[in-house]
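Here is the structure we will look at.
Read-outs throughout are calculated quantities, based only on the coordinates presented, and are distinct from any laboratory measurement. Please read all numbers here as calculations on a predicted model, not as lab measurements. Positions of Cβ are generated from backbone atoms using ideal geometry, with glycine treated the same way; all protein chains shown enter the neighbour counts.
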Amino acid sequence: DFIENLECPVCKEHFTGRVFMCAKGHSVCESCREHLQDCPLCKAIFPGTRNYIVEQLSQNAPKMEEMQRQMESMVAQLQKAKEEQKVVVEKKKEESEVSQVSGVPQEPEIHTEIGPQNYKKNLFGGPVQGKGHFKCLFPKCKQLLPICRFLNHLRQIHKENLVEEKLFVDEFHGRFEILAQETLAVKAYNLSKFGIFFLFITQKRLPKGSHEINAWVQCVAPDIVANKLRYTIKLSLNKRTVSYSSVVYGSRKLADNFREKGHCLKFDMPSSIVKYEGQLQLKHNKGPAVHSKKTVVTNDRT
């Protein structure tokens, strides 16, 4: 797989920014290079050489990955259409043999050309699953798991805070009620067309006595996958609806980093919250992967 060759062998993320080579030619990303004394693959030293070819190819990796996904989907649909046509041809052949025996004239066989218009359906399946290991984001857990074991971990250890739903459309709309335990409330979602997500809601006491409410969503996948999805959170707070919409962050992104940038729901309350009530929406992001800083507040109708 060509795209896999553009992944750092240490963190399994797609290369971004500068790429460094060891003395024998193995490449690692800049973030991992800062923590390595020697090459993890061959133990050779890092002389400071950069791999400019891989850097250039990595810039086009998202477009190439999307093209690869679409081609794979089109090939699969074409193969399915050919199999269905084969069944139709076999059935017509059997009917023809019966007609010849019974003396009934045979109708001419109709052949249908398989063209792109016959399989131009929704090319979005579930998102490409992240590779490598991911941390469970529930408080006091943080267990590092391969993606193939992540869902079983949630079902066995955190089933009381896990929502699973099989979707038949390319959007998810769900209501939630979460008890505010300490300063952080978390709920996990396993959605058939989207993957595994975590919904976070936090409250922090401010010096003047009020409480700052933050909320956001992260997907168990790298950013390059998570950014293809968009979420909307609506919270009912103090007779007002507080809403926020943005692209999804990957689960490897530290929440403190994007919270400092204002890339999450943000609202001040005069007192602490005991229970959160609201709505969560997920859908495919059809625009650029831009993270919003805008929280919208509307008064509820009485």
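Dimensions of the range 137-218 from C-alpha coordinates, computed as largest minus smallest value along each principal axis and given longest first, are 46, 30, 18 Å.
Expressed as a fraction of 2.2 N^0.38 Å, the C-alpha radius of gyration for the range 168-302 is 1.02. Extending 7 Å from the Cα toward the beta-carbon at both LYS63 and LYS24 defines two label points whose distance is 3.5 nm.
Electrostatic bookkeeping for PRO40 treats Lys and Arg as +1 and Asp and Glu as -1; over the other residues with beta carbon under 13 Å from its beta carbon, the sum is +3. With 30 Å as the limit, the listed pairs LYS193/LYS253; LYS135/LYS275; LYS142/LYS208 have LYS142/LYS208 beyond it between alpha carbons. At a temperature of 25 °C and a viscosity of 0.890 mPa s, determine how fast the range 1-81 diffuses translationally according to Stokes-Einstein, using the Kirkwood radius over alpha-carbon pairs as Rh; express D in µm²/s, rounded to the nearest whole number. Taking Rh from Cα pairs, D becomes 177 µm²/s. If you sort the three axes of the alpha carbon gyration tensor as a ≥ b ≥ c, you get a/c of 1.5 or more for the range 151-197 and a/b no higher than b/c, which makes it oblate. Taking a ≥ b ≥ c as the square roots of the eigenvalues of the Cα gyration tensor, the range 231-284 is oblate, since a/c reaches 1.5 or more and a/b is not larger than b/c. Relative protection proxy for 169-178, 140-149, from highest mean packing down: 169-178, 140-149 (other beta-carbon atoms within 10 angstrom).
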